[in-house]
Amino acid sequence: MNSEKVEIFDTTLRDGEQVPGCKLNTEQKLIIAEKLDELGIDIIEAGFPVSSPGDFHSVSEISKLIKNAKVCGLTRANKKDIEIAAEALQFARRPRIHTGIGTSDSHIKYKFNSTREDIIERAVDAVKYARSFVEDVEFYAEDAGRTDNDFLARICEEVIKAGATVLNIPDTTGYCLPEEYGDKIKYLKENVTGIEKAILSCHCHNDLGLATANSIAGVINGARQIECTINGLGERAGNTALEEVVMILKQHRDLNLYTDVNSKMLNKMSALVSDLMGMPVQPNKAIVGANAFAHSSGIHQDGVIKNRETYEIIDPAEVGVNESSIILTARSGRSALAYRFKHIGFDVTKNELDFLYQEFLKIADIKKEVNNDDLSLMIEKATRKIG
Ligand code: KIV
Ligand code: ZN
């Protein structure tokens, strides 16, 4: 069976930048956008041009700069937003307008004080208007996660007729369970006339920690685009983490899906975004966290030293990390200690190791982590004692 491509739509500069404290200036956005292009991202959502003159400027400058990826600007379903986005995107080699409207009953009632029929009409008008500026128009059905599937199918059908090329099905509130989200995508695949003319896209939020799982359920059921951010940044608990979906598709070849992302750049990309946004990455973050390839318990360390694959499913080099690390703590065993001594140039015998291990435990019980300086000092003291 031939493998199929999943497009990666990065929204670090739009949804990610909405995070309080993560605001970037144009220069910083250009640095990130250029790296995203190098990383192999298919679509870069550069911003929400109508939201501020600064964001308009950023989208416009990113449009001029980017050589490979499509550059996308977000709008609401109204003429002014769309005109301004089209203007900001005018220099893009491959522009995309991302327009849409809330489709759940709660959005229709409380946000718009409107009706389903009116929402369909507004969506269709917005897509048609956006198509008068660009060929590539993505429609988002905001809060699709809580939108009734029949109505979602109807609105999708109408916006495809109006010219939408991509249908974004956001789980805006991060409410869905993976099976439920996957079924939603399947339902649309099976019930929307003309669905073969559009790509279905997953945009999942992480309020229940399910964003990545939901996006994967989406592509298993026929979606072919994932919207995600570096380090999973985004509104509230964040979006689907780009590095996670890329590595899941890479590790699970059985899914027959791939992306064009150069995974070897993931670690550096994560650090760049974290630095520029001033948003630290949690140490236990999958793929890019400081502890993602660190082993500290004796049993695990012994296994990894014998064969990396005993406790690692990803070769760290695949994501741009030099090597797995063996962290020395009071839970470490002799083999980890010998391994670390060897690393700093000391090949110790079994008897020496037995002695040094007792010394090591004394230090490890006091300190959280025993480092190379401690190890050198231990060797120095032991040599003095023996010598
Ligand atoms: O979460 C969401 O619904 C969004 C849309 C604006 C695409 O970010
Ligand atoms: Zn979102």
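What follows draws every value from the coordinates through simple rules; no lab data is involved. Given the structure is predicted, the values throughout are model-derived calculations rather than measurements. Here Cβ is always computed from backbone atoms with ideal geometry, including for glycine, and neighbour counts include all displayed protein chains.
Reported count of residues in the stretch 219-232, each being touching a Gly at 6+ places or on another chain (Cβ under 8 Å) and within 14 Å of ligand 1 (Cβ to nearest atom), is 3. Of the residues making up the stretch 320-334, just one is touching a Gly at 6+ places or on another chain (Cβ under 9 Å) and crowded, with 18+ Cβ neighbours inside 10 Å, namely Ser332.
None of Ser132, Ser104 is of a type in the set (S, T, N, Q) and closer than 27 Å to Asn214 by Cβ except Ser104.
Within the stretch 22-38, being surrounded by fewer than 19 Cβ atoms within 10 Å (Cβ to Cβ), in contact with an Asp or Glu (Cβ under 7 Å, 6 or more places away or on another chain) and not in a helix (DSSP H, G or I) holds for one residue alone: Lys23. Go through the stretch 43-90 and give me each residue that's part of a helix (DSSP H, G or I) and polar (S, T, N, Q). Answer for the stretch 43-90, where residues must be part of a helix (DSSP H, G or I) and polar (S, T, N, Q): Ser51, Ser58, Ser60, Ser63. Determine whether the stretch 202-215 contains at least one residue that is closer than 20 Å to Ser3 by Cα, in contact with a Ser or Thr (Cβ under 8 Å, 6 or more places away or on another chain), among the polar types (S, T, N, Q) and crowded, with 22+ Cβ neighbours inside 10 Å. Checked the stretch 202-215: at least one residue is closer than 20 Å to Ser3 by Cα, in contact with a Ser or Thr (Cβ under 8 Å, 6 or more places away or on another chain), among the polar types (S, T, N, Q) and crowded, with 22+ Cβ neighbours inside 10 Å.
Among the residues of the stretch 185-228, those identified as assigned to a helix (DSSP H, G or I), closer than 18 Å to Ala141 by Cα and within 16 Å of ligand 2 (Cβ to nearest atom) are Ala211, Asn214, Ser215, Gly218.
Looking across the stretch 286-300 at every residue that is within 29 Å of the chain's Cα centre (by Cα) and not in a loop (DSSP other than H, G, I, E, B), the one that is farthest from Glu243 (Cα to Cα) is identified as His300.
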